[in-house]
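Input: a single structure, listed below in structure tokens.
The values are calculated or read from the model by the stated rules, or taken from the named source; none is laboratory data. Just so it is clear, the model here is predicted, and its values are computed rather than measured. Glycine also receives a Cβ, built like all others from the backbone with ideal geometry; neighbour counts cover every protein chain displayed. Keep in mind that these areas ignore ligands, DNA and RNA; they rest on the heavy atoms of the full protein, side chains included. Shrake-Rupley method; radii C 1.70, N 1.55, O 1.52, S 1.80 Å.
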Amino acid sequence: MKAAVFKGSGQPLSIENVSKPTSLPDQIVVKVAACGVCHTDLHYLDHGVPTFKKPPIILGHEAAGWVEAVGEGVTTFKKEQTVLIPAVLTCGQCGMCRQGRANICEKMQMLGNHMDGAFAEYVRVPARDVLPLPAEVDPVEACIVADAVTTAYHAVVNRAQVRAGDRVAIFGCGGVGLSAVQLAALSGAVVTAVDLDEKKLALAKELGAVETVNAKGSAECGKEIRRRTGGVDRAMECIGRPDTIRQAQESLRIGGRLCIVGYSEKPVELSAAKIMFQEQEVVGSLGCRPVDFGRVLDLVRVGRLRLGPLVTGRRPLGEIGAAFDDLRAGRSVRTVILPG
Ligand code: APR
Ligand code: ZN
């Protein structure tokens, strides 16, 4: 089969013929319908963040497709059924899993990081982690639920705990941020969306933001939002930069909560005085609990959560390099790769 193989940071993905995975006990082989191109992959490709499995490794962790083969002992799936593969596989046994916090499983394994991923015609995964897709849901669009959309759900609902009437500022209108805009608006919040790109801001409005702010890279952007709104109840950083994490805190009102969804390896300076005197809270958010995936898919199934506008490009596997160039240049929200 064809696959996009990661050889090391700074090198382009190499399209190669590799052997097709065979079924193993309790695992299924999925024919990949689509796999989303995600900012996380850029950390490996461009920024020297190592993958857990040493290269060569097939990247891709945001996939949906059709069951191709089921291993011995798998009773829950049939051939050709459409399925969603969560980006992160959990152990179900560790302390965090047992506390209902499986999104921070102590033994988590990520597709396209700990094991071969889904920028390939086929991928093998444990059956217990895979979700059936409702018949009404297109697997090509649904692949982005595996990471971007569910990450936003956990952040908005469980970590930021957005409630009806909250003022919420969302920094970054990529795949994660625009999903957060939709979910916060669905929760009844008054959403301010922040980005540098007018097209993404227009999309944020279409998806439920009440107002948008073009940050234009200004360090004053957070303070400006605080002046304009009186301060937001919840600020969500969906970019992963020290400066925008700080701006997000600056947009908060007294008693507000900052939710950090974007990843930065660099230290960030925040106002400890505001965390103390104004009882501002800072929480992080990682991925999504398996138990919440069904809730997200239900919102998609009934049409309350829209995936179509987030999928801004579809490309064959051979064009994966161009898809990453689009992401680097900020030209796409989510490009999905169709390996078949
Ligand atoms: N101010 C405002 N917006 C910015 C700025 C800035 N200084 N810099 C970048 N942005 C916007 C980009 O224009 C883009 O729309 O942030 C958005 C980031 O989106 P993507 O690159 O598509 O990233 P996404 O896949 O949504 O992930 C966002 O979440 O899970 C993490 O690792 C992931 O750190 C990443 C973050
Ligand atoms: Zn666990």
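Taking region 200-213 on its own, how many of its residues are touching a residue at least 12 places away in the same chain (Cβ under 8 Å) and open to solvent by 40 Å² or more (accessible area, probe 1.4 Å)? Show your work before the answer.
Within region 200-213, the subset touching a residue at least 12 places away in the same chain (Cβ under 8 Å) is 200-201, 203-213.
From the residues that got through so far, the ones that are open to solvent by 40 Å² or more (accessible area, probe 1.4 Å) too are 205-206, 210-212.
Number satisfying all stated conditions: 5.
Mind telling me which of the residues Val157, Val190, Val140, Val194 ends up being β-branched (Val, Ile, Thr), surrounded by 21 or more Cβ atoms within 10 Å (Cβ to Cβ) and modelled with pLDDT of 95 or more? Even if it seems obvious, please write down each step before you answer.
Working: Val157 fails: surrounded by 21 or more Cβ atoms within 10 Å (Cβ to Cβ); Val190 fails: surrounded by 21 or more Cβ atoms within 10 Å (Cβ to Cβ); Val140 fails: surrounded by 21 or more Cβ atoms within 10 Å (Cβ to Cβ).
Only one candidate qualifies: Val194.
Output the residue which, of all residues in region 281-324 that are in contact with a Ser or Thr (Cβ under 8 Å, 6 or more places away or on another chain) and among the basic types (Lys, Arg), is least open to solvent (accessible area, probe 1.4 Å). Once the filter is applied, the top-ranked residue is Arg315. Filtering Lys31, Lys7 for residues that are among the basic types (Lys, Arg), assigned by TED's automatic domain parsing to the domain that holds Leu307, open to solvent by 40 Å² or more (accessible area, probe 1.4 Å) and out of contact with any Gly (no Cβ under 6 Å at 6 or more places or on another chain) leaves a single hit, Lys7. Is region 163-173 home to any residue that is part of a loop (DSSP other than H, G, I, E, B) and either within 16 Å of ligand 2 (Cβ to nearest atom) or in contact with a strand residue (DSSP E or B) (Cβ under 6 Å, 6 or more places away or on another chain) (or both)? Checking region 163-173: at least one residue is part of a loop (DSSP other than H, G, I, E, B) and either within 16 Å of ligand 2 (Cβ to nearest atom) or in contact with a strand residue (DSSP E or B) (Cβ under 6 Å, 6 or more places away or on another chain) (or both). Entry remark, region 272-292: residues being in contact with an Asp or Glu (Cβ under 9 Å, 6 or more places away or on another chain) and among the hydrophobic types (A, V, I, L, M, F, W, C) number 2 in total. Every test in (1) in contact with a helix residue (DSSP H, G or I) (Cβ under 9 Å, 6 or more places away or on another chain); (2) open to solvent by less than 60 Å² (accessible area, probe 1.4 Å); (3) not hydroxyl-bearing (Ser, Thr, Tyr) is passed by Gly230 save one, and that test is (1).
When residues in region 87-128 are screened for being buried (at least 22 other Cβ atoms within 10 Å of the Cβ) and assigned to a helix (DSSP H, G or I), 2 of them pass. Any residue in region 235-248 that's on the phi < 0 side of the Ramachandran plot and of a type in the set (Asp, Glu): show its pairings with residues that are more than 16 Å from ligand 2 (Cβ to nearest atom) and modelled with pLDDT under 95 at Cβ separation under 7 Å, as long as the two are six or more apart or on different chains. Hits for this filter: Asp243/Ala219.
Within the bounds of region 262-277, is there any residue that is hydroxyl-bearing (Ser, Thr, Tyr) and surrounded by 17 or more Cβ atoms within 10 Å (Cβ to Cβ)? The answer is no; no qualifying residue exists.
Hey, could you check region 160-169 for residues that are hydrophobic (A, V, I, L, M, F, W, C) and touching a Lys or Arg at 6+ places or on another chain (Cβ under 9 Å) and say which is most open to solvent (accessible area, probe 1.4 Å)?
Step one: filter region 160-169 for residues hydrophobic (A, V, I, L, M, F, W, C), giving 160, 162, 164, 168-169.
Next, from what is left, pick out any that are touching a Lys or Arg at 6+ places or on another chain (Cβ under 9 Å): 160, 162, 168-169.
Working: Ala160: 1, Val162: 17, Val168: 1, Ala169: 0 Å².
In this case the residue turns out to be Val162.
Among the residues of region 193-205, are any farther than 30 Å from Ala3 by Cα and away from ligand 1 (no atom under 11 Å from the Cβ)?
First, pick out the residues of region 193-205 that are farther than 30 Å from Ala3 by Cα: 193-205.
Within this subset, residues satisfying the condition of being away from ligand 1 (no atom under 11 Å from the Cβ) are 202, 205.
The answer is yes; a qualifying residue exists.
From the list Val130, Val123, the lone residue that is more than 16 Å from ligand 1 (Cβ to nearest atom), under 18 Å from the mean Cα position of the chain (by Cα) and assigned by TED's automatic domain parsing to the domain that holds Val37 is Val130.
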